[in-house]
Amino acid sequence: GKSSETLETIIERHIDQKNKDGITNANSYKRDKETLEQIRKCCSNFIYKPVQKVTLHDIENSKENMKQYKKSGIDRAWRLLFKGFRIASSPSYRLIPYNIMDDENLKKPVSVKITEKVMPLTVKEERRLNKILDNEERNHPYRNIVKLELITAMRIGEVLARSQDNIDKENKKLCIDNTLTEDENGNTILGEHTKTYNKTTGIDEGKRNFPISNEIDEILKEQTKEKITNIYGLLFWNYEDNTFITPKEVNAWLRRLNTKYKITDKLHNHRLRHTRITRWKEQGVD
């Protein structure tokens with residue numbers, strides 16, 4: 001019965017319930033499941049004990065293992081553990097008198113992994129990349145994807161989710177209202193919202209309209225000059241395999257590009273976004 005209830009089952013039930021209630025999307029559900037798997041490994045000393053028998057000492061002892069994860073992983077694990085104990089101490093459960101993790105002496109462990117800061121390209125590196133995209137690699141199928149990232153600071157998933165319906169020719173605006181994402185099995189799917197959609201309020205804070213400059217206009221014309229025949233009307237599509245172009249594939253191309261032309265130390269999609277945002281900041285744009 002209730003007395004042998006473990007933290008592991010409480011957390012698992014909580015994750016599944018959130019998913020059933022539609023609070024989490026497929027991607028978050030998958031991440032929660034991965035976090036639970038991580039907790040099973042690093043907190044194996046107490047996660048399977050009846051929750052009443054877990055001591056503060058048990059949690060302290062698991063911290064050494066926890067430190068081996070990245071900061072983001074520790075944050076997620078800590079949050080789920082906290083939630084599990086909170087549920088166990090809630091009026092409907094009453095398995096423990098209070099949330100043991102509320103103890104002010106208990107501190108979240110600090111990761112031993114150094115968080116890699118995403119650095120923007122220097123002005124010189126950015127110029128060099130643009131030059132390569134405009135000359136040697138002008139006809140590569142991913143060229144326009146990378147150009148759009150560099151010009152608009154869109155996330156790669158957002159670039160790959162743009163469709164012909166997003167082009168407002170009259171007002172010269174490109175609407176950014178969703179992103180490619182993954183389902184719980186890790187398959188690429190077209191999301192309904194951007195990454196910063198708030199499920200609780202139903203407000204999509206990431207939805208925005210980007211002014212279409214001449215440079216963007218040229219890219220869009222190039223992408224729409226051939227009839228778009230994929231079922232989503234996407235500007236970028238792998239017609240050979242009749243499937244999405246994925247962020248991973250674009251990243252792989254950027255790595256190959258960087259190996260070939262020696263542009264910078266590491267080249268990946270997220271650096272392009274940071275580069276554009278940094279240039280705007282340097283120009284005094286929020």
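Looking for something part of a helix (DSSP H, G or I), modelled with pLDDT of 95 or more and either in contact with a strand residue (DSSP E or B) (Cβ under 9 Å, 6 or more places away or on another chain) or closer than 30 Å to residue 131 by Cα (or both) - is there at least one such residue anywhere in segment 165-177?
Yes: one or more hits.
If I filter segment 228-241 for residues that are of a type outside the set (S, T, N, Q), within 17 Å of residue 148 (Cβ to Cβ), at pLDDT below 95 and within 21 Å of the chain's Cα centre (by Cα), do I get at least one hit?
No, that holds for no residue.
What pairs come up if the first residue lies in segment 223-242 and is in contact (Cβ under 8 Å) with a residue 24 or more places away in the chain, the second is aromatic (Phe, Trp, Tyr), and their beta carbons are under 9 Å apart, counting only those six or more places apart or on different chains?
Going by the 9 Å Cβ cut-off, the qualifying pairs are 223/236; 228/237; 232/244; 234/244; 236/142; 236/244.
For segment 35-52, check the following and say yes or no: at least one residue is closer than 30 Å to residue 275 by Cβ and touching a helix residue (DSSP H, G or I) at 6+ places or on another chain (Cβ under 7 Å).
No - not one qualifying residue is present in segment 35-52.
Out of all the residues in segment 172-183, which are buried (at least 16 other Cβ atoms within 10 Å of the Cβ) and under 15 Å from the mean Cα position of the chain (by Cα)?
178, 179, 180, 181, 182
Which condition breaks for residue 39 when tested against (1) open to solvent by 50 Å² or more (accessible area, probe 1.4 Å); (2) closer than 23 Å to residue 114 by Cα; (3) hydrophobic (A, V, I, L, M, F, W, C)?
Of the numbered conditions (1) open to solvent by 50 Å² or more (accessible area, probe 1.4 Å); (2) closer than 23 Å to residue 114 by Cα; (3) hydrophobic (A, V, I, L, M, F, W, C), the odd one out for residue 39 is (1).
Give segment 16-28 a look and list any residue that's touching a residue at least 60 places away in the same chain (Cβ under 8 Å), crowded, with 17+ Cβ neighbours inside 10 Å and over 13 Å from the mean Cα position of the chain (by Cα), or say none.
If the condition is that a residue be touching a residue at least 60 places away in the same chain (Cβ under 8 Å), crowded, with 17+ Cβ neighbours inside 10 Å and over 13 Å from the mean Cα position of the chain (by Cα), then 24 is the only one that fits.
Of the conditions (1) over 30 Å from residue 19 (Cα atoms); (2) touching a Pro at 6+ places or on another chain (Cβ under 7 Å), residue 156 clears all except one; give me its number.
Failing condition for residue 156: (1).
Run down 74, 100, 59, 96 and say which single residue is in contact with a Lys or Arg (Cβ under 9 Å, 6 or more places away or on another chain) and touching a residue at least 12 places away in the same chain (Cβ under 8 Å).
When all the criteria are applied, what remains is 74.
When you go through (1) closer than 14 Å to residue 160 by Cα; (2) touching a residue at least 24 places away in the same chain (Cβ under 8 Å) one by one for residue 193, which number turns out not to apply?
(2)
Looking at 155, 162, can you tell me which residue is surrounded by 15 or more Cβ atoms within 10 Å (Cβ to Cβ), closer than 14 Å to residue 232 by Cβ and of a type in the set (Lys, Arg)?
Being surrounded by 15 or more Cβ atoms within 10 Å (Cβ to Cβ), closer than 14 Å to residue 232 by Cβ and of a type in the set (Lys, Arg) holds for just one of 155, 162, which is 162.
If residue 198 satisfies all but one of (1) touching a Gly at 6+ places or on another chain (Cβ under 9 Å); (2) free of Cβ contacts under 8 Å to residues at least 60 places away in the same chain, what's the number of the condition it fails?
(1)
What helices (runs of 4 or more DSSP H) completely inside segment 191-282 contain at least 1 residues that are surrounded by fewer than 19 Cβ atoms within 10 Å (Cβ to Cβ) and among the small types (Gly, Ala, Ser)?
Where helices (runs of 4 or more DSSP H) fall fully within segment 191-282 and carry at least 1 residues being surrounded by fewer than 19 Cβ atoms within 10 Å (Cβ to Cβ) and among the small types (Gly, Ala, Ser), they are 247-261.
The values are calculated or read from the model by the stated rules, or taken from the named source; none is laboratory data. Predicted model, so just to flag it, every value in this text is computed and none were measured. Every residue, glycine among them, receives a Cβ derived from its backbone with ideal geometry; neighbour counts consider all protein chains shown. What goes into the accessible areas is simple: the full protein's heavy atoms, side chains included, and nothing from ligands, DNA or RNA. Shrake-Rupley method; radii C 1.70, N 1.55, O 1.52, S 1.80 Å.
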